[in-house]
Amino acid sequence: PGLTKTFLTNPVGAGGTTQIEFTVVNNSSTSAASDITFNDNITQFLSGATVTSGFQTGVCGAGSSLGTQVISAETYIVLSGGNLAAGASCTFTADLQIPEGQVGGPAVNATGNISATIDGTTQVGNPASDTLTVVGAPTLQKQFTDDPVQPGATVTLEFTLSHDAAATGDATGITFTDDLDAVVTGLVATGLPASNVCGAGSQISGTGVLTLTGATLAPGASCTFPVTLQVPAGALPGSYTNSTSNVSATVDGVTTVGSFGTDQLDVTGLNFSKQFIDSPVIAGATTTLRFTIENTSASS
């Protein structure tokens with residue numbers, strides 16, 4: 001039996017979907033082939049990639065099926081039970097979701113050997129392979145540069161976007177959002193919008209939800225821009241996780257999605273409590289009043 005494979009969407013952006021097309025051929029001109037089978041290790045190809053469709057029966061003759069199997073924590077696409085008449089072929093596809101934040105570049109995907117039973121004998125054919133080019137998105141990092149911060153004070157949130165020097169083109173239309181109010185109720189940005197923060201025409205705007213639009217980066221370039229945040233006076237001391245949305249962009253006409261940025265906002269302060277520790281007390285006697293002052297910051 002012969003086996004070929006082709007990525008129909010190639011190149012594909014990180015976070016996007018490509019379709020793998022497989023073609024199986026019975027190279028015998030006189031005998032039928034049964035029990036046709038092969039597997040394709042997706043985990044070793046791109047860790048985190050997910051097969052989202054292609055789970056079918058009858059894809060390569062009666063009784064055949066295409067699906068996935070997890071073997072030793074690795075995911076495989078598996079064709080089993082294939083049947084083809086002499087000289088016949090079958091073609092079928094499976095959709096593959098590329099992980100968000102996948103590093104750009106070429107990746108070779110090779111199947112295992114294909115095998116079949118022909119005239120009562122197991123025959124083994126060569127594996128099939130194809131190269132998928134993944135277009136990576138810019139990376140996003142964020143940092144609260146001057147926390148811990150007191151309730152009612154301001155803190156600086158700094159964003160840094162970087163574009164891989166090995167990228168095949170500029171990243172345009174870079175965008176992400178950051179929901180501040182979901183971190184601490186009442187946490188807002190001040191002094192926005194700000195223009196040209198990451199290339200001409202780019203803008204960071206919003207109060208409770210920040211939105212970056214129109215950013216552009218050449219390969220190997222980066223940009224850093226700050227946003228001043230007002231911490232609400234009623235914010236409770238603690239450590240709060242602030243994560244952005246995924247960053248997305250267009251590179252060489254391909255839409256690509258990168259990972260989110262995240263950092264901890266530390267709100268510090270004093271807890272003050274008091275307690276009469278030997279109450280009730282008899283009239284004319286003494287009692288002890290205990291005050292407790294606690295610095296809730298782990299670092300300041």
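The values are calculated or read from the model by the stated rules, or taken from the named source; none is laboratory data. Just so it is clear, the model here is predicted, and its values are computed rather than measured. Methodologically, a virtual Cβ is constructed for each residue, glycine included, from the backbone with ideal geometry; neighbour enumeration extends over all protein chains shown. We work out accessible area using only protein heavy atoms, side chains counted, and drop any ligands, DNA or RNA first. Shrake-Rupley method; radii C 1.70, N 1.55, O 1.52, S 1.80 Å.
Determine the share of the stretch 32-188's accessible area contributed by carbon and sulfur atoms, expressed in whole percent, with a 1.4 angstrom probe.
Here it works out to 45 percent.
Note on the chain: antiparallel DSSP beta bridges, both residues inside, total approximately 95 percent of the bridges counted. Most simply put, the stretch 41-149 has about 95% antiparallel DSSP beta bridges, counting only bridges with both residues inside it. Spin-label model, Thr177/Asp95: points 7 Å from Cα along the beta carbon direction are separated by 2.3 nm. Over 26 Å apart: what share of the alpha carbon pairs of the stretch 147-300 falls there, rounded to a whole percent? Roughly 44 percent, rounded to a whole number. Taking a ≥ b ≥ c as the square roots of the eigenvalues of the Cα gyration tensor, an a/c ratio of 1.5 or more together with a/b larger than b/c marks the stretch 1-139 as prolate.
The length gained by stretching the chain between Val103 and Asp252 to full extension, at 0.36 nm per residue less their Cα-Cα distance, is 52.1 nm. In a fully extended conformation the segment linking Asn295 and Leu236 would gain 20.0 nm over its present Cα-Cα distance, using 0.36 nm per residue. At q = 0.10, 0.11, 0.12, 0.13 Å⁻¹, what is the base-10 log of I(q)/I(0) for the chain according to the Debye formula with one equal point scatterer per Cα and no solvent? Please give it to two decimals. Evaluating at q = 0.10, 0.11, 0.12, 0.13 Å⁻¹ gives log10 I(q)/I(0) of -0.72, -0.79, -0.85, -0.92.
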